[in-house]
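*Asks:* This is the structure I want to talk about, given as structure tokens.
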Amino acid sequence: MDQTQQQTRVDNPAEVYESFFVPAMFAPLVSLVLERVSPQPGERVLDVACGTGIVARRVARLVGNSGRVVGVDPNAAMLSVARSAAASEGVSVEWQEGRAEALPFPDGSFDLALCQMGLQFFPDKQAGLAEMHRVLAPGGRAAVSVWQGLDQHPFFAAINDAMLRHLGVPAVELPFSMGNADKLRSLLSSAEFVAVEVEPISITARFRDPQRFVPLQVAASAAAVPTLQQLGPQSRNDLADAIRNELEPMVLEHTVGDHLEVPLHGLAAHGHRP
């Protein structure tokens with residue numbers, strides 16, 4: 001990849017998310033979520049807040065040609081990357097732009113609804129879960145995963161503190177804001193899901209090229225942080241350099257060989273529509 005191509009990827013949060021964070025963080029989680037709901041051939045599956053579509057792409061292989069998989073997300077840039085990734089992998093997924101709180105589907109359209117690490121970003125979490133319940137057929141099931149809190153993730157807590165000092169906003173806090181198991185269970189129950197179970201899950205994320213982690217974290221955070229979006233390329237690069245220099249000892253501490261290894265802890269919840 002030449003310098004121009006590399007810069008384009010860094011300047012595109014969706015590309016950074018797919019190429020750097022999905023392989024390390026989100027792809028390893030997919031099986032932990034899917035094994036709790038066992039997608040079957042021929043089923044209709046909805047991936048809510050699908051991002052670049054790693055869950056939808058994986059489940060499409062399980063439901064096969066007789067099934068249907070739809071990924072929905074409010075971010076058009078994420079969906080553009082999802083379409084390209086699905087095409088390159090040869091899997092069939094329908095991609096639709098839309099909000100979790102107003103899913104563009106009729107009642108009872110799906111057998112399974114999934115949401116991996118997206119609930120934290122719903123402006124109205126209860127409404128989003130209620131919509132997932134609405135679009136499920138009777139007997140349908142749902143699975144949701146979230147990260148545990150920053151108190152369980154000292155590595156990301158340090159990044160959040162650094163960005164708060166330099167930028168004035170807690171740019172990494174939101175993804176780790178749903179780590180209370182009782183609250184998660186209550187939200188699903190209030191959305192009329194039954195037999196709700198919440199379990200802890202853990203992985204070790206392995207990021208290639210440790211020295212690029214902090215700049216790419218800053219770039220990817222721009223997808224959800226308006227303050228970062230408003231910065232010009234040079235200001236964003238200066239911010240990334242300042243935070244990278246500050247956190248270099250921590251990055252070195254977590255570097256094993258040519259990878260950065262970071263423990264991550266989440267919660268997986270699943271339930272049924274009666």
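The values are calculated or read from the model by the stated rules, or taken from the named source; none is laboratory data. Not measured: the values here are computed from a predicted model. Counting neighbours? That spans all protein chains shown, and the Cβs are built from the backbone with ideal geometry, glycine included. We work out accessible area using only protein heavy atoms, side chains counted, and drop any ligands, DNA or RNA first. Shrake-Rupley method; radii C 1.70, N 1.55, O 1.52, S 1.80 Å.
*Asks:* When the range 182-228 is examined, which residues are found to be touching a Lys or Arg at 6+ places or on another chain (Cβ under 7 Å), open to solvent by 20 Å² or more (accessible area, probe 1.4 Å) and aliphatic (A, V, I, L, M)?
*Replies:* L187, V196, V198
*Asks:* List, please: which pairs have Cβ atoms under 8 Å, are six or more places apart or on different chains, and start with a residue in the range 194-211 that is in contact (Cβ under 8 Å) with a residue 40 or more places away in the chain and end with one that is of a type in the set (S, T, N, Q) and not in a strand (DSSP E or B)?
*Replies:* Going by the 8 Å Cβ cut-off, the qualifying pairs are V196/S189; P200/Q148.
*Asks:* Hey, could you check the range 16-52 for residues that are of a type in the set (S, T, Y) and at pLDDT 95 or above and say which is farthest from L103 (Cα to Cα)?
*Replies:* S38
*Asks:* Looking at the range 222-245, which of its residues are assigned to a loop (DSSP other than H, G, I, E, B) and touching a residue at least 40 places away in the same chain (Cβ under 8 Å)?
*Replies:* A222, A223, A224, V225
*Asks:* Okay, moving on. Suppose the filter is touching a Phe, Trp or Tyr at 6+ places or on another chain (Cβ under 9 Å), touching a residue at least 60 places away in the same chain (Cβ under 8 Å) and surrounded by fewer than 23 Cβ atoms within 10 Å (Cβ to Cβ); does R36 pass it?
*Replies:* For R36, the condition - touching a Phe, Trp or Tyr at 6+ places or on another chain (Cβ under 9 Å), touching a residue at least 60 places away in the same chain (Cβ under 8 Å) and surrounded by fewer than 23 Cβ atoms within 10 Å (Cβ to Cβ) - is not met.
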